[in-house]
Amino acid sequence: MAQNQLRSQVMHLYRHPENWKLYHDIIQQQLDKKFIEVVTIDDVKEGHYLPHHAVLKNSATTAIRIVFNCSAKTKQNSVSLNDCLQTGPSLTQMLYNVLLKYCIRTYAYTANISKAFLRVGLQEEDHNYTKFLWIKDPNDPSSELITYRFASVLFGATSSPFLLQATLDTHLKKSNSPNKTEISNNLYVDNFQGTASSESKLLNIYHEANRELMGANMPIQSCISNNTKLNQLIEKEFPDYKVPQKTKVLGGEWDTTADQLTIKSVEPDTTNLTMRKLLSQVSKPFDLLGLLSPLLINGKLRMQEC
């Protein structure tokens, strides 16, 4: 199954040279950083193979993401890797609370941890259960296949969110930082965002978060704030990074200059309207805080009438 899906993915990517190069470069970078490793002697009867595919992203740091399908099954009655993993308790902050806290103080900031999941090591005896295939020669899509395996926790495994958050929590509990609790509470998976009531507090949180997360080998990137002084500091510390005016914040768009959160509007389509289409239209806006309720209530009332 992994082999068949790879051949299909390769032929699709090869028709788009830019995406093909990005895909191959990501695998090479992960190999260079030792997130993955080559399987020198591959016993096909040992371990598990993961199919993978590309997802295009509108992101300044990640134009394309390789998604490994840990829920893939070889046949209907077989089990996937995720079926065999213990998910662990949810340690992630409630998204509603994260968004609500984001609106309560004068200054706000957001960032994310660079390749967060891949920075958590995987037990050596589990490496063979994360094998995947890729072609040996990037210039020849029909070349022989090479087997890799993860040496790190991968995005897509059902246990990964727990492993990441448990690692971060354990590291921060050992910290001497007076702001360690606030830093921990402002983490949502690999996102880091929060607010501060004063400029001095904002800068202090930024410096301490940088130091603490770097100590766990989890550097933050794509930092942005509605505070000019912090943005200037970020650009000074990261000369290759230009702080954008707008950024995504957990499903919404934040204009830091105007300091406004925006929810993407959906143009109503009333042609050939069906129950399914109406439900789709009403559900499209991501509005966890209920800010659009006055606008969406008519659509929900129509759903009840139907």
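For 130, 92, 228, give me the order by solvent-accessible area with a 1.4 Å probe, most accessible first, ignoring ligands, DNA and RNA.
Values: 130 10, 92 40, 228 90 Å².
The ranking, largest first, comes out as 228, 92, 130.
Coupling constants for region 30-46 follow from the phi torsions by the Karplus curve (6.51 cos²θ - 1.76 cosθ + 1.60, θ = phi - 60°), and in residue order they are 5, 5, 4, 7, 6, 6, 10, 9, 7, 8, 6, 10, 9, 8, 5, 8, 10 Hz; glycine and proline get x. Within the same chain, lysines fewer than 8 places from residue 136 are excluded, and of the rest, those with a Cα less than 21 Å from its Cα are 21, 33, 34. Gaussian network model of the chain, Cα springs within a sub-10 Å range: biggest mean-square fluctuation belongs to which of 215, 156, 290? Answer for the Gaussian network model of the chain: 290. Using C-alpha pairs below 8 Å separated by at least 6 residues, the relative contact order for region 76-224 is 38 percent.
Among 109, 96, 241, the order of accessible area from largest down is 96, 241, 109, computed with a 1.4 Å probe on protein heavy atoms. Rolling a 1.4 Å probe over the protein heavy atoms leaves residue 214 with an accessible area of roughly 110 Å².
Please compute the length gained on full extension between residue 297 and residue 1, using 0.36 nm multiplied by the number of residues separating them and subtracting their Cα-Cα distance.
Details: separation 296, 0.36 × 296 = 106.56 nm, distance 4.55 nm.
Residue separation times 0.36 nm, minus the Cα-Cα distance, leaves 102.0 nm.
Only protein heavy atoms count here; on that basis, with a 1.4 Å probe, residue 48 has an accessible area of about 40 Å². When 274, 256 are compared by accessible surface with a 1.4 Å probe, the order from highest to lowest is 274, 256. Expressed as a whole percent, the accessible area of the chain that falls on carbon and sulfur atoms is 51 (1.4 Å probe).
If each DSSP helix of 4+ residues adds -39,500 (n - 2.57) and the sum is divided by the residues in the chain, what number results at 222 nm, nearest 500 deg cm²/dmol?
Values: 9 runs with 105 residues, N = 306.
Counting only the DSSP helices, I get -10500 deg cm²/dmol.
Residue 124 contributes an accessible area of around 150 Å² to the protein surface, as traced by a 1.4 Å probe with all chains present. Label positions at residue 214 and residue 288, each projected 7 Å from the Cα along the C-beta direction, are separated by 2.9 nm. Reported to the nearest whole Å, the Cα centre-to-centre distance from region 225-300 to region 126-161 is 34. Note on residue 248: lysines with a C-alpha under 22 Å away, same-chain residues under 8 apart excluded, are 57, 101, 115, 229, 264, 284.
I'd like the trypsin sites (Lys or Arg not before Pro) in region 92-154 restricted to DSSP loop residues with at most 16 other Cβ atoms within 10 Å, sorted by number. Each step should come with its number before you reach the end.
Numbers: sites: 101, 105, 115, 119, 131, 136, 149; in loops: 105, 115, 136.
Passing sites in region 92-154 are 105, 136.
Along the axis of the charge dipole computed for region 92-196 (Cβ charges of +1 for Lys and Arg, -1 for Asp and Glu, origin at the Cα centre), the listed residues 141, 171, 117 are led at the positive end by 171.
The values are calculated or read from the model by the stated rules, or taken from the named source; none is laboratory data. Just so it is clear, the structure is predicted and the values come from calculations on it, not from any experiment. Note that we place each Cβ from the backbone using ideal geometry, even for glycine, and neighbour counts take in every protein chain shown. Just the protein is used for accessible areas: all its heavy atoms, side chains included, with ligands, DNA and RNA removed. Shrake-Rupley method; radii C 1.70, N 1.55, O 1.52, S 1.80 Å.
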